Amino acid sequence: MNVALITTVFNEEDSIEKFLDSIVNQTQKPFELVIVDAGSKDKTVAIIKNYSKKLPLKLFIHKGNRSVGRNFAIKNATSNIIAVTDVGCILEKHWLERITAPFKKGYDVAAGFYKPTTNNVFEKSLATYTCVPLEKVTENFLPSSRSVAFKKISWETVGGYPENLDTCEDLVFAKKLKMVGLKFIVVKNAVVYWPQRESIMAAAMQFFNYALGDGMAGYYRAQTPLLFGRYIFLAFLVLILIVTRNSGIYYFLILIALMYFLWSILKNYKYIKHPLAFLYLPLLQVVSDFFVILGTSFGTIKRLMQV
């Protein structure tokens, strides 16, 4: 059973060495490491080439988005098992060994796990919005392409990653794999470590881009209608307040806001356990709400205009 580890890169000179070192340190080395660079302007390619004696490297320059790059990498892989991750992540040393073990038992897709790496309370707070806690991972968990492996024939069966998408592409791809009845398994101990954004603006753009991809893909999470519903109701109350200037509605809005902020703290504080979480969690709730609504709306409009 040969395994190809594939990934895409673009201007990753600050993170590529740690990523490649984590591959060098794997307990099971890939048969081939296929990297597709989208036209980096920094030292990314030069750094990768320095690892040609340490790793079974195949490096291609092929411009396009993440989906285009992944499909190109898989096409140029000779192995029958494909493992996928993202540069910027660090692979736990047993990751490749654990995520590929299920294929010896007849599985078609192995969904690995990813854990956040954080340096401060803000990043820990952000991780509660970007990562799934291990206790909430079920057999229905859809893998991210930070940590997934599948048979190459399975990739061929569903037509590969959707090349019109640069975000949400991995969830759309995973849903297609599910829909054709392939045999999935969740491998919770196949872990990659994922650094979190360092600022509120970077987090806002992350929320927006992910939601934009969801809208373009027509992929709506279970909580998305509730999110829109909450803010439509809020806008309705604000409109009534403007028209009537009713003090009862004014105090009701204040109560709603206080309850919402309290909810944002209570649901995630156990993961932070720091006083600053009382500031960051409500702030991130509002920022994520706004940019998810904005991104989903823009993505949906863009998708409908392409029909």
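The values are calculated or read from the model by the stated rules, or taken from the named source; none is laboratory data. For clarity, every value in this text was computed on a predicted model and none was experimentally measured. With ideal geometry, Cβ positions are generated from the backbone for all residues, glycine too; neighbour counts draw on all protein chains shown. Ligands, DNA and RNA are stripped out before the accessible areas are found, and what is left, the full protein with its side chains, is counted by its heavy atoms. Shrake-Rupley method; radii C 1.70, N 1.55, O 1.52, S 1.80 Å.
Among Y251, Y269, Y193, the largest mean-square fluctuation in a Gaussian network model of the chain, built with springs joining Cα atoms closer than 10 Å, belongs to Y251.
Taking the Cα centre of the chain as origin, work out the dipole magnitude from +1 charges on Lys and Arg Cβ and -1 charges on Asp and Glu Cβ, in debye rounded to 20.
560
Quick one: if you stick a label point 7 Å off each Cα along the C-beta vector at N119 and L234, how many nm between them? For the pair N119/L234, the computed spacing is 3.1 nm.
Say the cut-off is 23 Å between C-alpha atoms; which of K152/K183; K43/K302; K54/K105; K124/K270; K43/K115; K43/K93 go over it?
On the way: K152/K183 14 Å; K43/K302 35 Å; K54/K105 30 Å; K124/K270 11 Å; K43/K115 28 Å; K43/K93 26 Å.
Pairs exceeding 23 Å: K43/K302; K54/K105; K43/K115; K43/K93.
Kindly work out what percent of the DSSP beta bridges joining two residues of the range 46-186 are antiparallel, to the nearest 5. Restricted to the range 46-186, the bridges split so that about 65 percent are antiparallel.
Give the percent of DSSP beta bridges with both residues in the chain that are antiparallel, rounded to the nearest 5.
Values: 9 of 33 bridges.
If we restrict to bridges inside the chain, about 25 percent are antiparallel.
Shape index of the range 130-252: Rg/Rh, with Rg the Cα radius of gyration and Rh the Kirkwood radius from the inverse mean 1/r over Cα pairs, equals 1.11.
The distance linking the range 212-267 with the range 150-191 is 34 Å (Cα centroid to Cα centroid, whole angstrom). Partner aspartates and glutamates whose Cα lies under 14 Å from the Cα of K29, excluding those fewer than 8 positions away in the same chain, are identified as D21, E92, E97. Considering only L237, T7, L177, the residue lying farthest towards the positive end of the dipole of the chain is L177, judged by Cα position with unit charges set on Cβ.
Only helices at least 18 Å long along their axis, Cα-based, and averaging 1.0 or more on Kyte-Doolittle count here, so list those DSSP H runs from the chain. Before the final figure, lay out each step's value.
Details: long enough: 200-217 (26 Å, 0.89); 224-244 (30 Å, 2.18); 247-266 (28 Å, 1.98); 277-306 (42 Å, 1.12).
Membrane-span-like by this rule: 224-244, 247-266, 277-306.
So which residue, out of I99, I74, I272, gets the largest mean-square fluctuation from a GNM of the chain using Cα contacts under 10 Å as springs? Judging by the Gaussian network model, the answer is I272. Look at the alpha carbon pairs under 8 Å that are at least 6 residues apart: their mean separation over the length of the chain gives a relative contact order of 19 percent. Of the accessible area of the range 38-81, with the probe set at 1.4 angstrom, what percent is carbon plus sulfur? Carbon and sulfur atoms account for 52 percent of the accessible area of the range 38-81.
On the accessible surface of the range 84-232, probed at 1.4 Å, how many percent belong to carbon and sulfur atoms? List each step's numbers first, then the result.
Numbers: 3690 of 6650 Å².
Carbon and sulfur together cover 56 percent of it.
In debye to the nearest 20, how big a dipole does the range 65-166 give about its Cα centre with +1 on each Lys and Arg Cβ and -1 on each Asp and Glu Cβ? Write out the running numbers ahead of the final one.
Working: 13 positive and 10 negative charges, 50 e Å.
Around 240 debye, computed over the range 65-166.
With springs only between Cα atoms under 10 Å apart, run a GNM on the chain and tell me which of V36, V121, V180 wobbles the most. Between V36, V121, V180, it is V180 that shows the largest mean-square fluctuation.
Solvent-accessible surface of the range 1-119, taken per residue with a 1.4 Å probe and all protein chains present: 45 Å².
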